[in-house]
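For reference, the structure discussed in these notes is given below.
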Amino acid sequence: MSVIFIAKAKLPTKYVDFDVHVFMHNEQEHLVLAKGQFNQEDVVLTRVHSECLTGDSLFSLRCDCGPQLEFAMQKMAKQDKALLIYLRQEGRGIGLAEKIKAYQLQDTGVDTYDANLKLGHPADNRNYQMLGAVFEHFAIKNINLMTNNPDKISAIEQAGININKRIPIKAGHNPHNQHYLQTKIDKFNHL
Ligand SMILES: [Zn+2]
């Protein structure tokens, strides 16, 4: 499936002055926020973040997505070069409405893993196929990756990118998402 570059513009944010790049893949628009110019020798601080409208934009405490994004940007603020790949795969790839349905099930005591299965979705429906093309576009070969998710590590390594270092993300714990975070550790093998 091809990854097509569409446009680029400046995007100053609260933490970092980025250039925002928009790509099309699978009929979906994805964003890549880049700080600095890259050379092949660079080891680039990188975050691959999957869209979570409720967490990223609405300050939801049901998950840890918003604080993870903020943690990543704060780290990027201290670097000359950084890459934030923002993939539009809401609700672990099942979409916004299905995510809210899964929340409804979770309100009755089902965990996030089983809720997706009950709705007929894979526990995690995200895919990272476009990452190889994105890193190629920016001529990046080596990264320091901010993640707790082993699936992302293997997807990036399969794309031929060297992960020099994994940087754990410690952010976003609160009483409302304690069970959610424990499920990520127990059932999604998060680190
Ligand atoms: Zn979230």
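The values are calculated or read from the model by the stated rules, or taken from the named source; none is laboratory data. Everything numeric in this text was worked out from a predicted model, so none of it was measured. Cβ sites come from the backbone with ideal geometry, for glycine too, and all protein chains shown count toward neighbours. For the accessible areas, the whole protein counts, side chains as well, though only heavy atoms, and no ligand, DNA or RNA atoms are used. Shrake-Rupley method; radii C 1.70, N 1.55, O 1.52, S 1.80 Å.
Of Lys8/Lys35; Lys101/Lys184; Lys99/Lys165; Lys14/Lys75; Lys35/Lys75, which pairs sit farther than 21 Å apart, going by alpha carbon to alpha carbon? The partial results should precede the final answer.
Numbers: Lys8/Lys35 12 Å; Lys101/Lys184 19 Å; Lys99/Lys165 32 Å; Lys14/Lys75 13 Å; Lys35/Lys75 12 Å.
Violating the 21 Å Cα-Cα cut-off are Lys99/Lys165.
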Exercise. With a cut-off of 20 Å, note down the residues of region 112-129 whose backbone N falls inside the zone around a label point 7 Å from the Cα of Lys187 toward its beta carbon.
Key: 112-127
Practice problem: Could you size up the charge dipole of region 57-191 around its Cα centre, putting +1 on the beta carbon of Lys and Arg and -1 on that of Asp and Glu, and report it in debye to the nearest 20? | Solution: 300
Exercise. Name the shape class, rounded, prolate or oblate, that the alpha-carbon gyration tensor gives for region 1-89, where a ≥ b ≥ c are the square roots of its eigenvalues, rounded holds for a/c under 1.5, and otherwise prolate holds if a/b is larger than b/c and oblate otherwise.
Key: oblate
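Counting only protein heavy atoms and a 1.4 Å probe, tell me what percentage of the chain's accessible area is made up of carbon and sulfur. Intermediate values should be presented prior to the final figure.
Working: 5010 of 9940 Å².
Ligands and nucleic acids excluded, carbon and sulfur give 50 percent.
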Quiz prompt | Per-residue [θ]222 nm for the chain (sum of -39500 (n - 2.57) over DSSP H runs n ≥ 4, rounded to 500) | solution = -9000 deg cm²/dmol
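By its C-alpha gyration tensor, with a ≥ b ≥ c as the square roots of the eigenvalues, how is the chain shaped: rounded for a/c under 1.5, else prolate for a/b larger than b/c, else oblate? Intermediate results must be reported in sequence, preceding the final value.
On the way: a/c = 1.73, a/b = 1.58, b/c = 1.09.
Judged from the Cα gyration tensor, the chain comes out prolate (a/c at least 1.5, a/b above b/c).
Where does the longest stretch of the chain lie that holds no GluC sites (Glu not before Pro) found in a DSSP loop with 14 or fewer other Cβ atoms within 10 Å?
Details: sites that count: Glu27, Glu41.
With GluC sites (Glu not before Pro) excluded where exposed in loops, the chain gives 42-191 as its longest stretch.
Report the trypsin sites (Lys or Arg not before Pro) located in region 136-191 that are in a DSSP loop and have at most 16 other Cβ atoms inside 10 Å of their Cβ, or state none. Could you put the intermediate results ahead of the total?
Details: sites: Lys141, Lys152, Lys165, Arg166, Lys170, Lys184, Lys187; in loops: Lys141, Lys170.
The qualifying sites are Lys170.
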Quiz prompt | Accessible area expressed per residue, region 24-103, with surrounding protein chains retained (probe 1.4 Å, Å²) | solution = 45
Quiz item: Which whole-Hz couplings ³J(HN,Hα) result when phi for each residue of region 2-18 is put into the Karplus expression 6.51 cos²θ - 1.76 cosθ + 1.60, θ = phi - 60°, listed in order with x for Gly and Pro?
Solution: 7, 10, 10, 6, 10, 6, 9, 7, 6, 9, x, 10, 4, 10, 9, 8, 9
Quiz item: Which value, in debye to the nearest 20, gives the size of the charge dipole of region 114-191 about its Cα centre, when Lys and Arg are +1 and Asp and Glu are -1 at the Cβ?
Solution: 200
Exercise. Give, as a single signed number, the net charge of other residues whose beta carbon lies under 13 Å from the beta carbon of His176, with Lys and Arg counted +1 and Asp and Glu -1.
Key: -1
Quiz item: Quick one: if you stick a label point 7 Å off each Cα along the C-beta vector at Ala159 and Gln74, how many nm between them?
Solution: 2.6
